[in-house]
Structure formats: C-alpha cells, structure tokens
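Participant: Before I ask anything, here is the structure I am working with.
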Amino acid sequence: MKTPNASPLYYIGLMSGTSLDGIDAALIAIGNDSPPRLLATHAEPLPDDLRHLLLTLCHAEQVSFAQLAAAEHAFCWCQAQAVQQLLAPLSVRPEQISAIGSHGQTIEHAPAGHAGGPAYTLQLDNPSLLAELTLCTVVADFRRRDLAAGGQAAPLAPAFHQALFGRAETHQLILNLGGFANLTWLSSHPNAPVIGFDTGPANVLLDGWFALHQGDRFDQNGKWAASGKVDEALLTRMLSEPFFKQPPPRSTGRELFHMDWLQRHLSGQEAAVDVQATLAELTAVSVAQGIEQLRNDASPLTLITAGGGAHNGYLMQRLAHHIPDATFTSPGEYGWPEDWIEAGAFAWLAHQRLHHLPGNLPSVTGAQGPRVLGGIYAK
C-alpha cells in the first residue's frame, strides 16, 4: 500500500460492535474539498477470555467494579495493539495522526431508561490509557452528549453516510448488517432530512444460535440457514415484539434482543436448523418493513449493503426477495469495503470533534439539535 501524502489530515477510527468479534481499525484521510478516503485497515481479534468477559458484562444483572476495570484494561490494550498493527506497514508515525476516534464497547444501551430511571448508554472504554499507549490524541464518549440533548444516542453512522455517499438522483439507502441492522435514508430530494434507525437484530441472534448448535462463531455464507425452512409461526411470534412497530427515532441492542428473548418465543418443537432460517427471515422482513416506513413513493431505490451480514449469501437472497425493486450495490463502489464503514465513521466523528462541528443528526437520533460529540484526551 502506498504511503498517504502529507496534505490531508489523518484519523484512525476504532470500532467494536455488538457482534464482539474484534476491533476494527481504519486509517482515513480527510481533505477540505473531497469525501473521506480509506487508506488502511486492520482487524484485531478479541481474545476468547476477553470476549467471554464482555458477553458476561452485557447480560449480567450485577457487575463488579473489578470486572469492569479488568475488561476495560484488556480491551484498551487490544485497541492499542490494533493501532500499532494498522500503522506498522505504513510510513505514518503516531504524531501524524490528528486523533483516534474510539467508540469503545457497548455494554448496555437504554435510551428510554430502565424501570423508570434516567436514560443511559454505557460504552466500556479508557481513552486516557489509550492516549498513553498510542501517543495519539483520543476522542471518545461520543454517544452521551446526544443522549443528554434528548436523543437516542444512536445510530451515529448516518451523519458519516451523508458525508461519504452524498446525494444522488435516486434515493439511497445504506443498510448496515452488524450485530443489529440499521438503515440510513438519503433522499434524492435536496431538502429532505436524513433518516436513520435500527430495524432489529441481525448477526447477534444468528451468531448466537449457530454457536449454540454448531459450535462455531458464525454461519459461513448462511449455508446452515439455507438448508432449513422458515417457521412461519415462530416468525409471527417474534415479529409481534413491540419494537418492530415503533416509529423512528429508535435504537436497540443486546438488552432487548438476546438468546433468552429467542428462547421465550420457541415452542420447543422447532428443528434447530429451521430456527436459523427463521432468524435470517426475521432480519430480512424487519429490514423490509423499516424501508416501507421510509418510502413515500415508488421511485427507484439503491441499497448499499455493509457490515458482516453483507457476506451472508442466504441473508442477502432473502433481502432481495423482500425488497424486489431495489438495486443492490456495495460501498466498494465508493472506495469503502463492506466491513469498514463503522470504523471510518468514528474516525470522521473525531475530525468533527476537533473542528467543533456537529456529529449527530437530530432527524436520526431525535436530539433537540445538532451537537458536537465526544471528549478530547490530548496526547
């Protein structure tokens, strides 16, 4: 790979999503008059013991401070390793990096609060230690300012989608298939607001069920799901979850959709492989329903698919079945491979913070207005 030239500003984005499969690190360049450019990437896997601890924290009713500290410390060292491995092949030194945008690891997300309590969202992170380990300025804690302004604090990527993909002659829809599925609607009408929201579970349930019955982390290309049959009764029960009927803005996470949620909807008579097929159908149908909430005409639609689920051939087939009038394309057409949009988003959000520019879209999160997101931890 060629070393980036000296004119743009360089940022690193670090993202670990709800799938908990690793930390994505992306180096991007941002110039004055051009969209952000992806320069280099690195995927740092999470050690099994850390992944297990993070999963435990995500679902624990009680958490000790010692557990939180141990997880945060280990996670931060993995982040620093990701940065080191990202920069190692390049002639880019830490002092050339304007900032690292660190999302952290979401442990719980409750924008409506819990049991009558205040709204909260918790991303496990230690930006002070990360600044020490990398010798870079770190921007972190992006979500809570939007939450303080009355927003959902998620999704945040749509603002980056707007900067990256811009406007076109047709409606553009960016579909991210990570642990959860979320949509960004970029209308072809110049004055229309950007809309984005979570549609429901994607890989989080597919991976969890596959690991339980097949002993591996994910269903490669959806082959196991493709060998099963959709259980319509199970699908109907799952789609009765009130979340699927909520109007935007809306966001969700493991606190709602988890393996116990799935177990509550099972009758006990389903074949395991049919459950996997039905979970793929749940994602496809809930995405299609989300799109119908957005569309107010029958004009052409371009669907840009990103995230790990974009590599699931069976899931993509089911999406095409339920959204037959959409033209599917890859963000690779814009110079961004499927797996690197979210890491790029947090690099871009770090740039926004350093330049005192808003990082949220009130039309997406429901916040009272645009807000500058994140705290700065100088090197």
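Conditions tested, residue by residue: (1) at pLDDT below 95; (2) surrounded by fewer than 22 Cβ atoms within 10 Å (Cβ to Cβ); (3) not small (G, A, S).
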{"residue": "Q293", "(1), (2), (3)": "yes, yes, yes"}
{"residue": "A298", "(1), (2), (3)": "yes, yes, no"}
{"residue": "H321", "(1), (2), (3)": "no, yes, yes"}
{"residue": "A326", "(1), (2), (3)": "yes, yes, no"}
{"residue": "G332", "(1), (2), (3)": "yes, yes, no"}
{"residue": "F346", "(1), (2), (3)": "no, no, yes"}
{"residue": "P370", "(1), (2), (3)": "no, yes, yes"}
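Participant: Against the definition (of a type outside the set (G, A, S) and touching a Lys or Arg at 6+ places or on another chain (Cβ under 7 Å)), how does T56 come out, yes or no?
Facilitator: For T56, the condition - of a type outside the set (G, A, S) and touching a Lys or Arg at 6+ places or on another chain (Cβ under 7 Å) - is not met.
Participant: Just name the residue that is surrounded by the most Cβ atoms within 10 Å (Cβ to Cβ) out of those in segment 209-247 that are among the basic types (K, R) and part of a loop (DSSP other than H, G, I, E, B).
Facilitator: Among those that are among the basic types (K, R) and part of a loop (DSSP other than H, G, I, E, B), it is R217.
Participant: When you go through (1) touching a strand residue (DSSP E or B) at 6+ places or on another chain (Cβ under 9 Å); (2) at negative phi; (3) surrounded by fewer than 24 Cβ atoms within 10 Å (Cβ to Cβ) one by one for G101, which number turns out not to apply?
Facilitator: (3)
Participant: What number of residues within segment 36-61 are in a helix (DSSP H, G or I) and not hydroxyl-bearing (S, T, Y)?
Facilitator: So the count comes out to 11.
Participant: Return the residues of segment 185-217 that are over 30 Å from L301 (Cα atoms) and touching a residue at least 40 places away in the same chain (Cβ under 8 Å); say none if nothing qualifies.
Facilitator: Of everything in segment 185-217, those that are over 30 Å from L301 (Cα atoms) and touching a residue at least 40 places away in the same chain (Cβ under 8 Å) turn out to be G208, W209, F210, L212, H213, R217.
Participant: Let me spell it out: the conditions are (1) of a type in the set (A, V, I, L, M, F, W, C); (2) touching a Leu at 6+ places or on another chain (Cβ under 9 Å); (3) under 23 Å from L57 (Cβ atoms), and L122 meets all of them except one. Which number is the exception?
Facilitator: Just one mismatch for L122, condition (2).
Participant: Within segment 138-170, work out how many residues are farther than 18 Å from L122 by Cβ and among the acidic types (D, E).
Facilitator: 1
Participant: Further question: Specify the residue that is modelled with the highest pLDDT; the eligible residues are those in segment 62-88 that are assigned to a loop (DSSP other than H, G, I, E, B) and surrounded by fewer than 14 Cβ atoms within 10 Å (Cβ to Cβ).
Facilitator: Result: A88.
Participant: Can you name every residue in segment 187-208 that is buried (at least 24 other Cβ atoms within 10 Å of the Cβ) and assigned to a strand (DSSP E or B)?
Facilitator: Scanning segment 187-208 gives G196, F197, D198, T199, G200, P201.
Participant: Same structure again: Out of (1) assigned to a helix (DSSP H, G or I); (2) loosely packed, with under 15 Cβ neighbours inside 10 Å; (3) touching a residue at least 12 places away in the same chain (Cβ under 8 Å), what's the single condition that is false for S91?
Facilitator: Failing condition for S91: (1).
The values are calculated or read from the model by the stated rules, or taken from the named source; none is laboratory data. Predicted model, so just to flag it, every value in this text is computed and none were measured. Using ideal geometry, Cβ is built from the backbone for each residue, glycine included, and neighbour counts are taken over all protein chains shown.
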